[in-house]
1. Compute from the Cα atoms of chain B the Rg and the Dmax, the latter being the longest Cα-Cα distance, and quote both in angstrom.
2. Taking every pair of Cα atoms in region B:1-151, average 1/r, invert it to obtain the Kirkwood radius, and report Rg/Rh to two decimals.
3. What residues from region B:144-162 fall in the zone where the backbone N is under 11 Å from a label point 7 Å along the Cα-to-C-beta line of B:CYS170?
4. From the backbone phi of region A:25-41, what are the Karplus-calculated ³J(HN,Hα) couplings (6.51 cos²θ - 1.76 cosθ + 1.60, θ = phi - 60°) in whole Hz, Gly and Pro given as x?
5. How high is the FRET efficiency between B:ASP201 and B:CYS69 when r is their beta carbon distance and R₀ equals 35 Å, given to the nearest 0.05?
6. Please report the antiparallel percentage of DSSP beta bridges with both residues in the protein assembly as shown, rounded to the nearest 5.
7. Give, in whole angstrom and from largest to smallest, the semi-axes √(5λ) of the equivalent ellipsoid of region A:4-125, with λ running over the eigenvalues of the Cα gyration tensor.
8. Ranked highest first by the average count of other Cβ atoms within 10 Å around their residues, in what order do B:102-113, A:75-86, B:169-180 fall?
Amino acid sequence: MVIKETGGVKRMNICVTASGEGLDSKVDPRFGRCSYFVIYDPETRRVESVSNAAAFASGGTGIKAAEIIANAGVDVLLTGTVGPNAFSIFSELGINVQVGVKGTVQEAIRQYEAGELQSLQSPNSTPGFGMRKGNGMGKGMKGGGVGRGIDRDN
Amino acid sequence: MKIAIASGKGGTGKTTVSLNLALSLSDVQLFDCDVEEPNCNLFLGFDLEKVEDVVCPVPVINQEKCSICRQCSDFCRYNALAALPDRVLFFPSLCHGCGGCAVLCSEKAIQESQRSLGVIEKAKGESSPEFYRGLLNIGETMTSSVIKTLKKYIDDRKTAILDAPPGTACPVIASIGDVDYCVLVTESTPFGFHDLRLAVDVVRSLKVPFGVIINRWGLGDSRVEEYCKAEGIPILLKIPNDLKIAELYSRGIPFVREMPEWNEKFLGMFEAIKLQLADTEEART
Ligand code: SF4
Ligand code: SF4
């Protein structure tokens with residue numbers, strides 16, 4: 001699923017999990033444990049690098065990392081592996097997760113724009129320690145989140 | 001007196017030792033602290049009854065009242081709460097039930113409810129040994145809470161034998177943390193020796209007096225014995241790699257029941273433990 005940009009009407013923040021800051025740093029396929037989230041706005045070409053404060057958490061890493069992404073107003077996430085907890089947050093918020101990134105952040109964005117990545121339909125990694133056998137679904141949700149609009153008012 | 005039976009890994013004969021020791025003593029309680037896989041009762045065959053539900057508090061978030069101030073999510077060090085742009089999500093499997101989030105929410109949007117972690121069961125009526133076990137719910141991670149609840153049933157006037165879970169992680173610490181003595185069960189094989197050394201590090205750091213039982217003695221080599229000698233660790237008992245013992249085990253029978261001479265040996269070990277404790281007590285004063 002590739003979301004087409006329609007003449008600058010819709011803002012589309014793309015986030016790539018990376019090992020460093022900026023477009024030239026290498027991608028890091030581990031969503032929860034990556035060092036940086038590089039967020040790119042194709043319209044304004046603004047690049048923002050947010051360090052992953054959750055990378056060293058002993059448990060619930062994916063949840064904290066997903067929280068950072070969600071609050072940064074990201075619409076598309078390009079990464080490698082996502083666990084069940086983070087995945088439930090993304091589907092709840094309708095964040096489009098694409099996997100299979102290679103190379104640098106810049107290259108990952110190009111791969112995404114060329115439609116070379118796969119959209120993630122279910123978690124593709126097991127949670128780290130801190131959660132062994134749980135089902136990983138968050139509670140307290142209102143309605144199904146998948147497929148909701150990606151506009152947000154903050 | 002509380003005696004824990006532990007080992008650095010599973011399958012060394014820890015449960016066998018716990019059972020045989022408990023059956024050799026009188027006025028004794030036996031606790032199966034391996035709450036993820038309690039198997040003492042496979043050998044005892046007691047009728048069990050539930051004596052307590054183990055629960056932990058969990059937050060319930062009232063989204064109507066929540067102002068998404070993020071305080072709870074910043075506070076929760078287990079990362080069980082995620083403050084998203086339009087709501088707070090709760091992940092029960094990560095929650096440790098500390099209750100902190102409910103206390104600090106200034107909007108009073110968090111209420112406490114209860115989550116079941118497992119149960120404590122006891123052998124019905126009068127049994128010898130008096131037997132208790134904890135059972136952790138499938139999918140649950142709060143092993144130590146169940147073990148702590150189980151240990152409330154220790155009667156200080158009796159001898160309590162605690163069959164600890166295998167390994168050296170938190171549940172083991174919860175089991176042996178406040179006992180008077182710890183028996184480490186090992187085998188004299190390379191793996192057994194390696195795991196014994198890890199277990200020794202744990203009991204030493206907890207400052208619990210301890211000794212070693214070598215199970216399936218005769219198998220492997222003499223490295224455990226040499227190590228214990230060099231470290232000044234008493235070897236309490238050697239259980240030989242005996243066909244009859246193995247056969248009784250496979251039939252689910254604790255071997256003291258069929259081999260009364262072992263009754264004496266376990267009693268002798270119990271006396272030796274008491275002597276060792278009296279000595280360490282003396283050395284301290
Ligand atoms: S502390 Fe209370 S008001 Fe603030 S985000 Fe948490 S639940 Fe909502
Ligand atoms: S009760 Fe404690 S562990 Fe559970 S969500 Fe609240 S703060 Fe986190």
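The values are calculated or read from the model by the stated rules, or taken from the named source; none is laboratory data. These numbers come from a predicted model, not from an experiment. Quick reminder, even Gly has a Cβ in these numbers, built from the backbone with ideal geometry, and neighbours come from all protein chains shown. For the accessible areas, the whole protein counts, side chains as well, though only heavy atoms, and no ligand, DNA or RNA atoms are used. Shrake-Rupley method; radii C 1.70, N 1.55, O 1.52, S 1.80 Å.
1. 22.2, 71
2. Answer for region B:1-151: 1.14.
3. B:144-146
4. Karplus values, whole Hz, x for Gly and Pro: 6, 7, 6, 10, x, 8, 4, x, 9, 5, 7, 9, 10, 9, 10, 10, 9.
5. With a Förster radius of 35 Å, E is 0.20.
6. Around 50 percent of the beta bridges assigned by DSSP in the protein assembly as shown are antiparallel ones.
7. 20, 16, 14
8. A:75-86, B:169-180, B:102-113
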